[in-house]
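The block underneath contains the structure these notes are about, expressed in structure tokens.
Every read-out reported here was derived from the displayed coordinates using simple, explicitly stated rules and does not represent laboratory data. Because the structure is predicted, anything quoted here is derived from the model rather than measured. Heads up, the Cβs are rebuilt from the backbone with ideal geometry, glycines too, and the neighbour counts pull from every protein chain shown.
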Amino acid sequence: MHYEKIPGNLKTTILFSLLLFPFFGSAQLTDITASIVQNPGNLNAYIHEPVKKTSGKIPLVLVLHGCNQDATEIASGSGWNKLADSLNFLVLYPEQKAANNMIKCFNWFAKDDQEKDKGEIASIHEMVKYAVSHYPIDTSKIFIYGVSAGAAMSVNYMACYPGSINSGAILAGTSYKQVDSPMKSFSQMKQPTMFNDSILRQRLHSQDSLYKGEFPHLIVIHGTDDKVVQYGNGEVLVKQWKTAFKIVSESQKQVQGGPATPTIMRTDYKDEKGRSVIILYKANKWGHYLMIDPGPAINQGGEVSKHAKDGDFFSTYQIAKDWNLTK
């Protein structure tokens, strides 16, 4: 169709639509940064509300992006907003600023950003408190999800505020306090030290040695060919989290996927109540990418990007299923 042949009033409509189109994708996220009064870490904050408004309490999922990403990219790449609309929960996106880190990594390795009520950790907690006070959040169903640097920062949050989180999903992350300086982060990501249980337990309880409550349950997804955050980091994290629970049994099975799905082995670590308090997904020959499965079905989603690849397996949906959000 030639633009010159389109009637004038229709031209105006098309031009207006084209001008608005770039904003449609970002319109799913509401900027609440100015509402976070206590923001010592100087982070941005965005929220996605489910399309369907229902009565009663709803879950909250925190989503933390990786380096060289922002809230908009992780929202589209992970497909969390689509699931939130289908399954009725709220999604909160903390976002790093270039002023804090030039490649927009959360500063998970910095000492002050590993401590309760300090730095970026404190800012994220203020966002959670804002969401709880302004939306009908079921505080027993608050979850956190992070990829890469966002995964490591999610671990920091889980360790600093264990009573605030039901469960966390860590995709290519590290154990809590695996490092305490930027320089150490590079070597540990490439070749993590397998600390003994005593050290890992002490670090996990370092923010509150008298804490008697339960720690958040843990889901770990990690690829064996990850060249950025070596797979061993996931094993150290599982080893650390096992110190927080009484694990009485372990079971393993292969995850079913599509034709292009890599071999994914799932290991469930169960407590005396039969709960899978830790779940490890080991993706064979998978690199440092978010695994997605673009498509229209409820168990499909995500968008391919430089940080997300089609693996015939919508990891976001699997995590939501493990969190009992799909019921």
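Things to note:
- Unique residue being in contact with a Gly (Cβ under 9 Å, 6 or more places away or on another chain), among the β-branched types (V, I, T) and under 19 Å from E95 (Cα atoms) when the list is I142, I124: I124
- Every test in (1) more than 20 Å from the chain's Cα centre (by Cα); (2) surrounded by 14 or more Cβ atoms within 10 Å (Cβ to Cβ) is passed by K282 save one, and that test is (1).
- Scanning the range 181-198 for residues that are under 21 Å from I247 (Cβ atoms) and loosely packed, with under 14 Cβ neighbours inside 10 Å yields M194, N196, D197, S198.
- Selection of the range 34-48 for residues being buried (at least 18 other Cβ atoms within 10 Å of the Cβ) and either in a loop (DSSP other than H, G, I, E, B) or among the small types (G, A, S) (or both) yields I36, N39, G41, L43, A45.
- Some residue of the range 167-176 being more than 15 Å from G232 (Cα to Cα) and without any contact (Cβ under 8 Å) to a residue 60 or more places away in the chain: yes
- Count of the range 160-176 residues, restricted to those that are assigned to a loop (DSSP other than H, G, I, E, B) and closer than 19 Å to C67 by Cα, is 5.
- Test: residue in the range 183-195 that is of a type in the set (V, I, T) and touching a residue at least 40 places away in the same chain (Cβ under 8 Å): yes
- Residues that are within 12 Å of the chain's Cα centre (by Cα) and in a loop (DSSP other than H, G, I, E, B), drawn from the range 69-99: G79
- Among the residues making up the range 75-94, a single one is in contact (Cβ under 8 Å) with a residue 60 or more places away in the chain and within 19 Å of S123 (Cα to Cα): Y93.
- Qualifying residue in the range 64-74 (condition: under 19 Å from E126 (Cα atoms), in contact (Cβ under 8 Å) with a residue 60 or more places away in the chain and out of contact with any Ser or Thr (no Cβ under 7 Å at 6 or more places or on another chain)): yes
- Qualifying residue in the range 208-222 (condition: under 19 Å from G163 (Cβ atoms), touching a helix residue (DSSP H, G or I) at 6+ places or on another chain (Cβ under 6 Å) and exposed (fewer than 13 other Cβ atoms within 10 Å of the Cβ)): yes
- Filter result for Q178 (surrounded by fewer than 21 Cβ atoms within 10 Å (Cβ to Cβ) and more than 18 Å from I32 (Cβ to Cβ)): no
- Hey, Q230 in contact with a helix residue (DSSP H, G or I) (Cβ under 7 Å, 6 or more places away or on another chain) and under 27 Å from E73 (Cβ atoms) or not: yes
- All positions within the range 304-327 that are in contact (Cβ under 8 Å) with a residue 40 or more places away in the chain, farther than 14 Å from T261 by Cβ and within 16 Å of the chain's Cα centre (by Cα): H307, A308, T316, I319, A320, D322, W323, L325
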